[in-house]
Amino acid sequence: MEHFDVIVIGTGVAGQTAAGELSMAGKKVAVVDKREFGGTCALRGCEPKKVLYAAAEVAERARGQAENGLSGVVAVDWPSLIAFKRTFTDPMSPMIEKGLVDGGAIAIHGTARFVTQDTIDVDGVQYSADHFVLAPGALPLPLNIPGQELVLDNEQFMASETLGSRVVFIGGGYISFEFAHIAATAGAKSTILHRSAQVLKEFDVDLAEMLVRSYRDAGIDVRTDAPVTAVRKAGGAFEVVLGDGAVAECDMVVHGAGRIPDLAGLDLEAGGIAFGRHGIEVDSSMRSTTNPRVFAAGDAAALGAPLTPVGIAQARIALANILEPGSATFAPKAVPSIAFSDPPLSSVGLTEAQAKAQGLDVEVKLTDTSMWASSRRTGVRISGTKTIVERGTGKIVGAHLLGHGADEVINVFATAIMAGFTAKDLKSAIWAYPTGGSEVVYMF
């Protein structure tokens, strides 16, 4: 049986980070994946999605500025766009694998499962290790409804050579809101069906409602309190059945109802590894609470938000503790998140509800910025900001943005929260003008 210092399971951003940096540190590392190397973000998630989003954004901005100095039609050619996306994704897997191997890691293709606390089996071959880093990523949450096999997941949607003229997205999270506007810009009639009253629950409720109004005004049908109970074929199309018996007819159905850690098949029980619905139970060092040989990072860990930069940060905490036990903990002061909707919706720090639940005395300022120059000159239909500042200290504890540039400006607020800056600090700064950043001073 071959023995390694560290075996890394999964080759997304967390797995790449752990395997690459541990190899550079001189450890004997094996990296295992049941699929092609690269993981979700590079191959079937954020990176290819951003390619589609960028094209849709160009078309949206041109349409928003019709009769304001722009003429002609900018249209999305779906097959050409998908072909362009492949120029990003197709070379990525062999490039990632080569980078890991060139760095010293041993690449193993196959499905890993634990046999004992220090041994795994990969398609009939066993390997042991002093440590393991589990970073297998996530997969779509099972819908558990009749006809769920008719529903495309995010990977299948972004690989489809054709786009249905009517597309239904199940779920009211960021995946549906991102894909719905891309599909609508490409000429489809988009419908979002969400089971409860509040969509985009990870974001500010007021800005999310503004976004919903904007989508509806743009012709995207957003339905709340609309749980899906079945999907069925209807000739050459589909029918999506709702809880009240209503039916939404469409040509394509897409899963946007959330994701879960991809832990099935790892046989974590055999490895003595505790886990739950949200992933592997870890402490702040990213170490398993029940098997000290094991660390977890990214979507597989039941700690932190399921975001790409969080996965990278957690992998670095794990590898630091492998190299020097007890040297690092995962306790970020601020984690920004973004929905690449139209326009983008971003958030960092506490929401208004969270601040009040913690008993903080805060000043909340909600501003509709739809008529600000930054929105008008880019053709954005609606925009807004919400800032949350602690009274007395003046410290910024939360910021929430909707609008053109919200995906960039949110990083200013993330930095401010991490550094303990006050609203006065940001208002007294000199900003390049006119930019998204220069508008920060008006948000308090």
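Read-outs throughout are calculated quantities, based only on the coordinates presented, and are distinct from any laboratory measurement. Remember, it's a predicted structure, so these values are computed and weren't measured experimentally. Neighbour counts are summed over all protein chains in view; Cβ atoms, including those assigned to glycine, are modelled from backbone coordinates with ideal geometry.
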In deg cm²/dmol, rounded to the nearest 500, the helical mean residue ellipticity at 222 nm of the chain, built from -39500 (n - 2.57) for every DSSP H run of length 4 or more, is -9000 deg cm²/dmol
With +1 on the Cβ of every Lys and Arg and -1 on the Cβ of every Asp and Glu, the dipole magnitude of the stretch 337-442 about its Cα centre, in debye rounded to the nearest 20, is 180 debye
Nearest 10 degrees is fine. How inclined is helix 46-64 to the longest principal axis of the chain, computing both from alpha carbons? 10 degrees
Report ³J(HN,Hα) in whole Hz for each residue of the stretch 317-324, in order, from the Karplus equation J = 6.51 cos²θ - 1.76 cosθ + 1.60 where θ = phi - 60°; Gly and Pro get x. 5, 4, 5, 4, 6, 6, 6, 9
P(r) over all Cα-Cα pairs of the stretch 337-442, 5 Å bins from 0 to the longest distance, whole percent per bin, short to long, reads 2, 13, 23, 25, 20, 11, 4, 1, 0
Would you mind ranking 286, 252 by Cβ crowding within 10 Å, fewest neighbours first? 252, 286
About the Cα centre of the stretch 6-100, what is the dipole size in debye to 20, counting +1 per Lys and Arg Cβ and -1 per Asp and Glu Cβ, all else neutral? 300 debye
For the stretch 160-207, average projected area of the Cα convex hull in nm²: 3.7 nm²
Could you give the length gained on full extension between residue 71 and residue 370, defined as 0.36 nm per residue of separation minus the Cα-Cα distance, in nm? 105.4 nm
What list of ³J(HN,Hα) couplings, whole Hz, do you get for the stretch 130-135 from phi and the Karplus terms 6.51, -1.76, 1.60, once you set θ to phi - 60° and write x for glycine and proline? 6, 9, 10, 10, 9, 9
With the radius of gyration and the Kirkwood radius both derived from the Cα set of the stretch 201-299, what is their ratio Rg to Rh? 1.16
Could you please state, rounded to a whole Å, how far the C-alpha centre of the stretch 35-68 is from the C-alpha centre of the stretch 313-351? 23 Å
Using only the alpha-carbon atoms, how far is helix 174-185 inclined from the longest principal axis of the chain? Give it as 0 to 90 degrees, nearest 10. 50 degrees
What Rg and what Dmax come out for the stretch 138-290 when only alpha-carbon atoms are used, in angstroms? 17.6, 54
Using only the alpha-carbon atoms, how far is helix 406-419 inclined from the longest principal axis of the chain? Give it as 0 to 90 degrees, nearest 10. 60 degrees
Under 5 Å, built H, 5+ apart or other chain: amide partners of residue 260: 139, 141
In the stretch 363-444, the trypsin sites (Lys or Arg not before Pro) that sit in a DSSP loop and have at most 10 other Cβ atoms within 10 Å of their own Cβ are 391
Counting Lys and Arg as +1 and Asp and Glu as -1, each charge on the Cβ, what is the dipole of the chain about the Cα centre in debye, to the nearest 20? 860 debye
Explain nothing, just compute: Karplus ³J(HN,Hα) = 6.51 cos²θ - 1.76 cosθ + 1.60, θ = phi - 60°, for every residue of the stretch 421-438 in order, whole Hz, x for Gly and Pro. 5, 9, 4, 4, 4, 5, 5, 8, 6, 9, 10, 4, 9, x, 9, x, x, 5
Normalised radius of gyration for the chain, please: alpha carbon Rg relative to 2.2 N^0.38 Å, two decimal places. 1.04
Between the stretch 154-210 and the stretch 227-301, the Cα center-to-center distance that results, in Å: 18 Å
Placing +1 on the Cβ of each Lys and Arg and -1 on the Cβ of each Asp and Glu in the chain, which of 280, 136, 52 has its Cα farthest towards the positive end of the resulting dipole? 52
Would you work out the relative contact order for the chain, in percent, from Cα pairs under 8 angstrom that are 6 or more residues apart? 15 percent
Residue order, fewest to most beta carbons within 10 Å, for 46, 41: 46, 41
Between residue 331 and residue 88, what is the label-to-label distance in nm when each label sits 7 Å out along the Cα-to-Cβ direction? 3.7 nm
